[in-house]
1. Only one of (1) at pLDDT 95 or above; (2) surrounded by fewer than 21 Cβ atoms within 10 Å (Cβ to Cβ); (3) not in a loop (DSSP other than H, G, I, E, B) is not met by residue 99, so which one is it?
2. Look through 218, 161 and report the one residue that is under 30 Å from residue 15 (Cα atoms), touching a Cys at 6+ places or on another chain (Cβ under 6 Å) and among the small types (Gly, Ala, Ser).
3. Going through the range 238-255 one residue at a time, which ones are open to solvent by less than 100 Å² (accessible area, probe 1.4 Å) and either small (Gly, Ala, Ser) or assigned to a loop (DSSP other than H, G, I, E, B) (or both)?
4. Tell me, please, whether a residue that is open to solvent by 30 Å² or more (accessible area, probe 1.4 Å), of a type in the set (Gly, Ala, Ser) and under 18 Å from residue 7 (Cβ atoms) can be found in the range 192-201.
5. So how many residues does the range 43-80 have that are among the β-branched types (Val, Ile, Thr), at pLDDT below 90 and within 15 Å of ligand 1 (Cβ to nearest atom)?
6. Identify, please: which residue in the range 186-210 is away from ligand 1 (no atom under 16 Å from the Cβ) and touching a strand residue (DSSP E or B) at 6+ places or on another chain (Cβ under 8 Å) and is, among those, nearest to residue 31 (Cα to Cα)?
7. Could you list, in sequence order, the residues of the range 203-213 that are open to solvent by less than 30 Å² (accessible area, probe 1.4 Å) and under 12 Å from residue 251 (Cα atoms)?
Amino acid sequence: MNADGTIFARKIRKSFGPKTVLKDVDLEIASGEICCIIGPSGSGKSTLLRCINGLETVDSGILKVNGDDFGYYETDTAYHALPPKKLAQQRTRVGMVFQQFNLFPNMTARDNVMAGPVLVKRADKRQSAKQAQELLTSVGLGAFGDRYPAELSGGQQQRVAIARSLAMDPEIILFDEPTSALDPEKVGEVLGVMKELAKKGMTMVVVTHEMGFAREVADSLIFMDEGNVVERGDAREVLTNPKEPRTQAFLEQVL
Ligand code: ADP
Ligand code: MG
């Protein structure tokens, strides 16, 4: 892995039309930290992840990803957007794994994993194919490189998606409800791959309803509601001893 792997947000705001979806959100995630984000549907979790990997720009506040050069936005002044080329380069350093896998349906598993390095980084094809094979093996799919997504189970597709993310050698991977679309018996195999990744020092931000994973793997936990970070702290501490009534109410529902 390369440098940094930190995320820092200070008072970031994001609105869609009249609706403010992120309301002065603060965030501090250290290199190698595993942070789980929980909260009800519509609370802004996906939007926060999309801001962190540059799929959305924040309206105001400061957002630093992988050091201080991801983006810098100031209230009261026009923000200093990154030049498109720099943004594209920064985005390669932040992987994202989606609920719906988002694999390219017309490409094999191997080609999905190679696509980023070859198309974005202009990496050598043979070298990338070799790396793809190693990554597929590391997620338990060494024998599935020639399969198309439709020929794979949901759990297998999601593991390919994780391998595809890793192929770009990111410092940070964001997971947006990575197991929510899976049949219950497939959840464990994806969480297993994520646990292995966590041990390797990857910075991971995981939006999830899997409280067992949060308790076992996460360092920190954030509870969001209506665009606010209501509570954040040590994962096990928040889960066993939530301070805010809204966190307590949410946890009573999901646990
Ligand atoms: P969560 O992931 O916690 O369910 P989201 O971040 O997806 O929440 O959404 C937060 C709110 O922002 C929701 O009310 C959603 O409808 C709204 N929203 C998200 N993306 C857009 C968009 N591109 N345009 C308009 N509204 C959006
Ligand atoms: Mg979401």
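1. Unmet for residue 99, out of (1) at pLDDT 95 or above; (2) surrounded by fewer than 21 Cβ atoms within 10 Å (Cβ to Cβ); (3) not in a loop (DSSP other than H, G, I, E, B): (3).
2. Details: 161 fails: touching a Cys at 6+ places or on another chain (Cβ under 6 Å).
Of 218, 161, the one residue that is under 30 Å from residue 15 (Cα atoms), touching a Cys at 6+ places or on another chain (Cβ under 6 Å) and among the small types (Gly, Ala, Ser) is 218.
3. 241, 242, 244, 249, listed by residue number.
4. yes
5. Taking the range 43-80 first, the residues among the β-branched types (Val, Ile, Thr) are 47, 52, 57-58, 62, 65, 75, 77.
Still in the running and at pLDDT below 90: 57-58, 62, 75, 77.
Restricting the remaining residues to those that are within 15 Å of ligand 1 (Cβ to nearest atom) gives 57-58.
Selection size over the range 43-80: 2.
6. 203
7. Here is the first cut: in the range 203-213, the residues open to solvent by less than 30 Å² (accessible area, probe 1.4 Å) are 203-208, 211, 213.
Within the range 203-213, 211 is the sole residue that qualifies.
The values are calculated or read from the model by the stated rules, or taken from the named source; none is laboratory data. Values in this document were obtained by computation on a predicted structure and should not be read as measured data. Neighbour counts are summed over all protein chains in view; Cβ atoms, including those assigned to glycine, are modelled from backbone coordinates with ideal geometry. Accessible surface is based on the protein model in full, side chains and every heavy atom, while ligands, DNA and RNA are left aside. Shrake-Rupley method; radii C 1.70, N 1.55, O 1.52, S 1.80 Å.
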